[in-house]
Amino acid sequence: MNKTFTKIFAIFWKDMLTELRTKEIIVSVLVFALLVLVIFGFTFGAGLEVTEMVAPGILWVALTFGGVIGLNRIFAVEKENSRLEGLMLCPVDRAVIYWGKLAGSFTFMLAVAFVITPIFLALFNLPIFLPRLALIIILATLGFAAVGTLFSALAVNTRARDIMLPVLFLPVVVPVIVSAVKATGPVLAGGPWGDMLTWLQILIAFDIIYLVVATLVFEFVVEE
Amino acid sequence: MNKDIPVASTWAIEARGLEKSFGEHRALRGIDLKVTRNESLVIFGPNGAGKTTLLKILSTLVKPSAGSVWLDGIDIRDKSAQIRHKISLVSHQTFLYDNLTVFENLKFYGKMYDVADLEKRIKEVIAWVQLESRLHDRAGTLSRGLQQRASIARAVLHNPSILFLDEPDVGLDPHASAMVRDILGSINSGSRTVVMTTHNLERGLELGDSIVILDRGKVVYQATREAISEVNFRQIYDRYTETGR
């Protein structure tokens, strides 16, 4: 068990180190998400009514579509120089590779979310400190990363991988997006926990389902 | 089908009836191959003969459409993770991460293979490929020849008993190629089974104990190194492959 975690961490650390040096994923996702926020922010303004109506959707559009850009790179780096073959030659269960890559994509997406969200809150004149929103972001990002890592591995072997990933990923991740938007609404409006609880439960359920299914099918996705 | 060949099998590699199809295209058409322990086998063949496909199957990267492979007596379908501890692959792709240093690359792969006393082992293999002065340089900044030496260090880090070499000198200049050839020449030194594919007849004959020619997915010629000279091997190669037709 300890060895398994060591290997998952080795993959995660390798991805972190690479990203820290290239900043390919973080910068591109961050710029895209910021642009979305700014465009929507200027389009809708920051009135109370508008905030309640569209702000949750704007945040999750920015994070979801920005996330797709980042997810495209998660396995693309392994495709170059046939590094995926190098990984596949390692004496590890395929699930170890999945969890190592998942840890990386989750961390990248979460880092972007925690930069973007305060900017979003400021743009819409909302309080910056919203711990409940942080919880929603963590749960939704986990769901995105769980599905996204799997489909990133699938798309990387296709010719039109940049198009293929959103086509595969977005329909499957709709329950997470809807739950995240619905749970974010009451948080931004200052509503009680009860209003978001059902959506949080749905998020948790989908996270578990996606993690289990993706772990089981990853082997079939990456094996020739 | 016999899956229970004992581990003490005399064959380091045994393949029976290997077939591989990609859609309509049949890349391998019934390959039977036996390689004894610590032997160097060189597989020759023109482009599209199936050399890389065969090596990918033997190294567990690709599953055959039909047939079986045993490495050190173990069926690769049953215990592929266990098998991967014993094998390694060097190809013209280095599998190295450009933005990590050579040391970080080796440390990463060492952890994936549970290499004991990893830093000491990295120093050993790096000294062997004569890359000590570039150990802390990013892999992407090395020349193609130096990257290939780092790739060889990566491949032998976990001391595999079977080493697959898929055209390891492709794209190297003559000097780098000679350096890699020297390293590869000392790689088995009687304690490792080596299977190499190449187009280069002279180089292949230098390194091989036995020779196989593959054409259109079939073994068309097989001999020991002693049985052939360089001159007649070129004639044999031309006769058995498309270039000779």
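Among the listed pairs B:K63/B:K86; B:K111/B:K218; A:K23/B:K63; A:K14/B:K34; B:K63/B:K218, which are separated by more than 28 Å between their Cα atoms? Mind dumping the intermediate values first?
Values: B:K63/B:K86 18 Å; B:K111/B:K218 38 Å; A:K23/B:K63 36 Å; A:K14/B:K34 38 Å; B:K63/B:K218 17 Å.
Exceeds cut-off: B:K111/B:K218; A:K23/B:K63; A:K14/B:K34.
Among B:A227, B:A127, B:A178, which one shows the highest mean-square fluctuation when chain B is modelled as a Gaussian network with alpha-carbon springs under 10 Å?
Of B:A227, B:A127, B:A178, the most mobile in the Gaussian network model is B:A227.
For the range B:63-115, take N as its residue count and report Rg(C-alpha) divided by 2.2 N^0.38 Å. Write out the running numbers ahead of the final one.
Working: Rg = 14.3 Å, N = 53, 2.2 N^0.38 = 9.9 Å.
With N residues counted in the range B:63-115, Rg over 2.2 N^0.38 Å equals 1.44.
Which order do B:H25, B:H85 fall in if you start with the one that has the fewest other Cβ atoms within 10 Å? Numbers along the way, then the final one.
Working: B:H25 9, B:H85 16.
Lowest to highest Cβ neighbour count: B:H25, B:H85.
Hey, can you list the DSSP H helices of chain A whose Cα span along the axis is 20 Å or longer and whose average Kyte-Doolittle score is at least 0.5? Numbers along the way, then the final one.
Details: long enough: A:2-22 (30 Å, -0.08); A:24-44 (30 Å, 2.73); A:48-79 (47 Å, 1.08); A:94-123 (43 Å, 1.61); A:131-155 (34 Å, 1.91); A:161-188 (36 Å, 1.64); A:193-222 (41 Å, 1.77).
Once both thresholds are applied, what remains is A:24-44, A:48-79, A:94-123, A:131-155, A:161-188, A:193-222.
Is the shape of the range B:14-96 rounded, prolate or oblate, going by the alpha carbon gyration tensor and its root eigenvalues a ≥ b ≥ c, with a/c under 1.5 for rounded and a/b larger than b/c for prolate?
Values: a/c = 1.38, a/b = 1.19, b/c = 1.16.
Rounded, because the longest to shortest axis ratio a/c is under 1.5.
Compute a Gaussian network model of chain B, connecting alpha carbons closer than 10 Å, and tell me which residue from B:V115, B:V42, B:V195 fluctuates the most.
Comparing B:V115, B:V42, B:V195 in the GNM, the peak value goes to B:V115.
Can you compute the helix-only [θ] at 222 nm over chain A? Use -39500 (n - 2.57) per DSSP H run of at least 4 residues, normalise by all residues, nearest 500 deg cm²/dmol. Write down the numbers at each step before the final one.
On the way: 8 runs with 194 residues, N = 224.
Dividing the helical sum by the residues of chain A leaves -30500 deg cm²/dmol.
Take chain A, connect every pair of alpha-carbon atoms lying under 10 Å apart with a spring to form a Gaussian network, then pick out the residue of A:A180, A:A153, A:A76 with the largest mean-square fluctuation.
For chain A, modelled as a Gaussian network with Cα springs under 10 Å, the answer is A:A76.
Can you give me the pair-distance distribution of the range B:101-245, C-alpha pairs, 5 Å bins, whole percents?
Distribution as computed: 2, 9, 18, 18, 18, 13, 9, 7, 6, 1, 0 percent.
Could you work out, residue by residue across A:6-15, how many beta carbons of other chains sit within 10 Å of that residue's beta carbon, and then give the average as an integer?
Numbers: counts 3, 5, 0, 1, 6, 3, 0, 4, 10, 1.
Mean partner-chain Cβ count within 10 Å for A:6-15: 3.
Remind me, relative contact order of chain A in percent, using alpha carbon pairs under 8 angstrom and six or more residues apart?
Numbers: 228 pairs, mean separation 57.8, N = 224.
The normalised contact order for chain A reaches 26 percent.
In peptide A:86-98, what is the residue-averaged number of other protein chain Cβ atoms found within 10 Å of each Cβ? Don't skip to the answer; put the middle values down first.
Values: counts 16, 4, 9, 14, 10, 14, 5, 2, 1, 0, 2, 1, 0.
Across A:86-98, the average partner-chain Cβ count within 10 Å equals 6.
Find the centroid of the Cα atoms in the range A:162-178 and in the range B:176-240, then give the distance between the two in whole Å.
Cα centroid of the range A:162-178 versus Cα centroid of the range B:176-240: 50 Å apart.
If I take every Cα pair under 8 Å that is 6 or more residues apart in chain B, average their sequence separation and divide by the length, what percent do I get for the relative contact order?
On the way: 459 pairs, mean separation 65.9, N = 245.
Worked out over chain B, it gives 27 percent.
Strictly greater than 27 Å: what percent of every Cα pair in the range A:2-222 meets that?
On the way: 7871 of 24310 pairs.
The proportion of pairs with Cα distances above 27 Å equals 32 percent.
What ranking do A:W99, B:W11 get, fewest neighbouring Cβ atoms within 10 angstrom at the top? Before the final figure, lay out each step's value.
Details: A:W99 23, B:W11 18.
So the residues, fewest neighbours to most, are B:W11, A:W99.
Please list log₁₀ I(q)/I(0) at q = 0.10, 0.17 Å⁻¹ for the range A:110-224, using the Debye equation with identical point scatterers on the alpha-carbon positions.
Debye curve over Cα of the range A:110-224, log10 I(q)/I(0) at q = 0.10, 0.17 Å⁻¹: -0.35, -0.86.
If you add up the charges near B:A178, with Lys and Arg at +1 and Asp and Glu at -1, over every other residue whose beta carbon is less than 13 angstrom from its beta carbon, what do you get?
On the way: positive: B:R149, B:R181, B:R203; negative: B:D169, B:D173, B:D182, B:E202, B:E206.
Counting the neighbours of B:A178, the net charge comes to -2.
Need one word for the range A:19-65: rounded, prolate or oblate. Basis is the Cα gyration tensor (sqrt eigenvalues a ≥ b ≥ c); a/c below 1.5 gives rounded, then a/b vs b/c decides. Present the calculation step by step, with values, prior to reporting the outcome.
On the way: a/c = 4.12, a/b = 2.81, b/c = 1.47.
Verdict is prolate for the range A:19-65.
Rounded to whole Hz and in sequence order, give me ³J(HN,Hα) for the range B:61-76 from the Karplus expression 6.51 cos²θ - 1.76 cosθ + 1.60, θ = phi - 60°, writing x for Gly and Pro.
Once θ is set to phi - 60°, the couplings for the range B:61-76 become 6, 10, 8, x, 6, 8, x, 9, 9, 10, 10, 6, x, 10, 5, 5 Hz.
Take every residue in peptide B:107-115, count the Cβ atoms of other chains within 10 Å of its Cβ, and give the average of those counts. Kindly include the intermediate steps, with their values, before the conclusion.
Working: counts 3, 9, 6, 1, 9, 14, 5, 6, 0.
If you average over the peptide's residues, the count of other-chain Cβ atoms is 6.
Let me see the P(r) profile for chain B: every Cα-Cα distance counted, bins of 5 Å, each bin given as a percent of all pairs.
Calculated P(r), rounded to whole percents: 1, 6, 14, 17, 19, 17, 13, 8, 4, 1, 0.
Please report, in whole Å, how far the alpha carbons of the protein assembly as shown spread along each principal axis, starting with the longest.
Taking the Cα atoms of the protein assembly as shown, the three principal extents are 89, 50, 44 Å.
Take the alpha-carbon centre of the range A:78-96, take the same for the range B:49-109, and report the distance between them in whole Å.
9 Å
Helix-only mean residue ellipticity at 222 nm, chain B, DSSP H runs n ≥ 4 weighted -39,500 (n - 2.57), per residue, nearest 500. What is it?
Values: 8 runs with 78 residues, N = 245.
-9500 deg cm²/dmol, from helical runs alone.
Read-outs: derived from the displayed coordinates by stated rules, not from any lab. Model, not experiment: these values are computed from the prediction. Neighbour counts run over all protein chains shown; Cβ positions are idealised from the backbone, glycine included.
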